[in-house]
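Asks: Input: one structure, supplied below.
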Amino acid sequence: MEPDVVEIAPPLFPSGSRTRKPRKGFGFVLGFMWAGIPEVIDVEHYEFRNGGLVSNNNNANLVDKKNKGKSIQDGSLYDHLADEEVVMSTTQPWGFPSSSSKRSRRSSSASSSRPRAAVEVAVSSAQANFLSDFKRFDTVDNFSKHHYASQGNASKQHSRTWVKKIQADWKILENDLPETISVRACESRMDLMRAVIVGAEGTPYHEGLFFFDIHFPDTYPSVPPMVHYHSGGLRINPNLYNCGKVCLSLLGTWNGNAREKWLPQESTMLQLLVSIQALILNQKPYFNEPAYGRTKGTPSGEAHSKFYSENVYVLSLRTMVYSMRKPPKHFEEFVRSHYFERAHDIVRASNAYIDGAPVGSIVKGGVQDIEESSESGSMKFRTEVATFMKTVVEELVKLGVKELEDKLKPPPNAEGSNKSNCKRSLSSRLSLYIYCFVVVGYLVVTSKNFSRILDATSHLTRT
């Protein structure tokens, strides 16, 4: 059934600083998204049923999540950089200056023994620093490539109420956006806005970027804003159509009770964006469809939900490729830096899925401690992930990410699958043999008793 709307009250005393970093205390808004998550197992050492991940020593790219994703800089790694020749690859990430002219010379024998990890961390820090400094909210000069660009112009006059409401929305977004949502507004076209939402951990959308174009009609805030999803022609959610339509009662595109609809005096853009992230891009999107919501918790409903989520993750991988190839305007470098920094996490998560981890079980850089009775991913899903991840890795390599091809796991072993099927077949045959033996024995015993009864009856008749 259509999920309820997340209600967020605007701050009483918003700050006027435009360069203020987003508050880390916003967890009270989205806390329910991660509440009750069990402990996790490191993906590097994860093993599900008959498959398992090979442990890789990849400590050169550690990330400090409490420090907004900045690389953990071990001083010992950088001690060698001052003396050694640092050569950047020709596939260096977009938007960063080439360092080919900045080299420190050293003898070839010494350079051949230089620690590779130091170079990798030095390269990665550029993207990590970019993401750390990237403003969650900012204004831009123009939005020529915007879905709603044709619905207005820079010279159009708007009412004072319209302007004040949008300025108030800007202020709230500037102060209270969570780190997983970023927004760009247009100074010359205040009716236009663009937002990107990072898929949450524990969902089929984790590590993905999902873009939305927003337009404020002339009658705003009496009516809700218009929102268009950058789908790339993919239907990744019952509420997100491949044509870009966003189905949500808060937007008036779906029926709901009075409290779920847009309230001109209370609703805000922050509330809308958080609702999309928490209520649409959730752990089990299958149940967003009203007709299927009533089957939640039933064996049939959960089985359909599992297969739907598996398909969603594959479509999310395709969305990643779509975004890397055609990053939306004003977010070009954000897209490249995001996927550059998350590349190894994406590969590790996909490897876990290839080995049988259930979709959506990846949280906090690891796999949830799943119960023994939990089903593994379907063979179709595991094969599709392994197959399409080759394309994902190709795009990540173009961004400058190295050593990914060797870490990507191949499709599930058909031989191992056949052995498993043979074991199941042998077990089934053995059970059948035992059953037949019991039945035959029962019939034999029964037939002897029946013969005795006939003999006794015959004897009584003769007497």
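Asks: Averaging the inverse of every distinct alpha carbon separation and then flipping it gives the Kirkwood radius. What is it for segment 283-347, in angstrom units?
Replies: For segment 283-347, the Kirkwood estimate is 13.8 Å.
Asks: Rg over Rh of segment 160-213, using C-alpha atoms and the Kirkwood radius, what does it come to?
Replies: 1.07
Asks: How far, in nm, would the chain grow between Asn257 and Lys245 when pulled straight, counting 0.36 nm per residue and subtracting the alpha carbon separation?
Replies: That works out to 2.3 nm of additional length.
Asks: Give me the Debye-computed log₁₀ of I(q)/I(0) at q = 0.10, 0.13, 0.19, 0.22 Å⁻¹ for segment 144-273, equal point scatterers on Cα only, no solvent, two decimals.
Replies: -0.32, -0.56, -1.22, -1.56
Asks: Sort the following peptides by mean Cβ neighbour count (other Cβ atoms within 10 Å, averaged over residues), highest first: 330-338, 202-210.
Replies: Highest to lowest by the protection proxy: 202-210, 330-338.
Asks: Something else about it: Would you mind checking the pairs Lys145/Lys326; Lys380/Lys409; Lys165/Lys329; Lys306/Lys380; Lys135/Lys171; Lys135/Lys329 and listing those with alpha carbons more than 21 angstrom apart?
Replies: Lys165/Lys329
Asks: Order these peptides, 348-355, 172-179, by their mean beta-carbon neighbour count within 10 angstrom, highest first.
Replies: Packing order, densest peptide first, comes out as 348-355, 172-179.
Asks: Also, I was wondering about something else. Can you give me the three principal axis dimensions of segment 239-334 from its C-alpha atoms, in Å, biggest first?
Replies: 43, 40, 20
Asks: Let me ask something else about it. Compute the separation of the alpha-carbon centres of segment 290-354 and segment 175-196 and state it in Å as a whole number.
Replies: 23 Å
Asks: Could I ask something else about it? Test of understanding: express the Cα radius of gyration of segment 181-251 as a ratio to 2.2 N^0.38 Å, with N the residue count.
Replies: Here the answer is 1.18, to two decimals.
Asks: Set the Förster distance to 25 Å, then compute FRET efficiency between Asn153 and Arg325 from the Cβ-Cβ distance, nearest 0.05.
Replies: 0.25
Asks: So how do 288-299, 306-317 stack up, highest first, on mean other-Cβ count within 10 Å?
Replies: Packing proxy ranking, top to bottom: 306-317, 288-299.
Throughout, read-outs are computed from the coordinates displayed, never taken from laboratory work. Because the structure is a prediction, the values reported are computed rather than measured. No Cβ is skipped: glycine too gets one built from the backbone with ideal geometry, and neighbour counts run over all protein chains shown.
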